[in-house]
Amino acid sequence: MQNDQPILQCANFFCQALNLESHQFCHKCRSPLIKRYLWAVRSGLETVTSELVGDRYLLKTDQILLDTKPGSPPESPTEIPASWEVYLRLSPFRLHVPQIYGRVTAPRSTTTLLLEDAAIYPDGAKLRSGTDLAGSLMPKLTSLWAENDALRQLNWLWQIAQLWEPFCRENVASTLLNSDLLRVDASFVRLLDLQPDKETPDLNQLGQLWEQWQQGAAVAIADFLTQLCQQM
């Protein structure tokens with residue numbers, strides 16, 4: 001979705017001029033423009049017909065929004081809903097787990113949780129070819145698995161293994177079994193959001209998932225991964 005009208009407000013309190021999303025600096029005061037791309041958790045925003053949600057968030061896709069007023073505090077509940085608390089408890093793992101940004105009330109009074117630092121490329125991210133990646137989803141781990149070497153594959157598996165126990169404690173371990181949520185940013189495993197467990201998964205299910213990746217495993221770790229999956 002493109003928008004060629006000035007919409008991004010300068011975060012400088014003494015300026016607050018409107019700018020194009022494509023600009024890097026405010027046209028009036030020359031302050032760097034802050035571009036926060038947010039993830040709307042299971043939002044239902046695909047039914048929204050307006051580009052601007054809650055008079056603030058520019059709808060990029062049905063779950064990716066750009067905060068057009070980054071200098072103003074987002075709407076927040078007076079009490080954190082119980083379903084949101086897991087993000088706070090897992091904040092020590094913020095390298096992988098997105099954090100609560102705020103909420104937006106969409107049409108029909110639907111309240112949607114907004115997350116920052118989700119697996120979305122930030123402003124300035126580009127391919128070597130120069131293609132702009134800002135505001136787009138990071139690739140699924142499964143889509144890049146076979147293209148990477150043994151060391152990186154092992155590193156990704158290690159990161160997932162480190163998250164397994166704390167995610168089990170918080171009843172969101174099924175997140176690590178969902179390839180749509182499991183993304184990568186170079187060497188780092190990143191998540192879009194946390195998926196509540198309907199039933200408590202066990203290591204056997206994680207082993208079954210990793211077993212599906214054996215075909216694309218680097219030769220140096222193929223036998224090790226086979227033994228590991230069997231043990232799990």
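Observations, loosely collected:
- Restricting attention to the stretch 101-113 and to residues that are within 18 Å of Pro196 (Cβ to Cβ) and either open to solvent by less than 40 Å² (accessible area, probe 1.4 Å) or of a type in the set (Phe, Trp, Tyr) (or both), the residue that is modelled with the lowest pLDDT turns out to be Thr112.
- Restricting the stretch 184-205 to residues that are over 18 Å from Leu114 (Cβ atoms) and part of a strand (DSSP E or B), the residue that is most open to solvent (accessible area, probe 1.4 Å): Phe188
- The lone exception for Pro166 - which of (1) in a loop (DSSP other than H, G, I, E, B); (2) open to solvent by less than 50 Å² (accessible area, probe 1.4 Å) it fails: (1)
Yes or no, residue by residue, for (1) open to solvent by less than 40 Å² (accessible area, probe 1.4 Å); (2) more than 21 Å from the chain's Cα centre (by Cα):
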position: Phe14; (1), (2): no, yes
position: His27; (1), (2): no, yes
position: Ile34; (1), (2): no, no
position: Trp39; (1), (2): yes, no
position: Thr61; (1), (2): no, no
position: Gly71; (1), (2): no, yes
position: Ile80; (1), (2): no, no
position: Pro92; (1), (2): no, no
position: Leu95; (1), (2): no, no
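- Only one of the numbered conditions (1) open to solvent by less than 40 Å² (accessible area, probe 1.4 Å); (2) among the aliphatic types (A, V, I, L, M); (3) at positive phi is violated by Leu157, and that is (3).
- Taken residue by residue, the stretch 133-140 has at least one member that is aliphatic (A, V, I, L, M) and in contact (Cβ under 8 Å) with a residue 60 or more places away in the chain.
- Of all residues in the stretch 192-211, those that are free of Cβ contacts under 8 Å to residues at least 24 places away in the same chain and among the polar types (S, T, N, Q) have Cβ atoms under 6 Å from Cβ atoms of residues that are open to solvent by 10 Å² or more (accessible area, probe 1.4 Å) and part of a loop (DSSP other than H, G, I, E, B), 6 or more apart or on another chain, in Gln195/Asn178.
- Residue that is least open to solvent (accessible area, probe 1.4 Å), among those in the stretch 138-154 that are of a type outside the set (Asp, Glu) and farther than 26 Å from Gln63 by Cα: Gln153
The values are calculated or read from the model by the stated rules, or taken from the named source; none is laboratory data. Computed from a prediction, not measured in an experiment: that's the story for all the values here. Every residue, glycine among them, receives a Cβ derived from its backbone with ideal geometry; neighbour counts consider all protein chains shown. Just the protein is used for accessible areas: all its heavy atoms, side chains included, with ligands, DNA and RNA removed. Shrake-Rupley method; radii C 1.70, N 1.55, O 1.52, S 1.80 Å.
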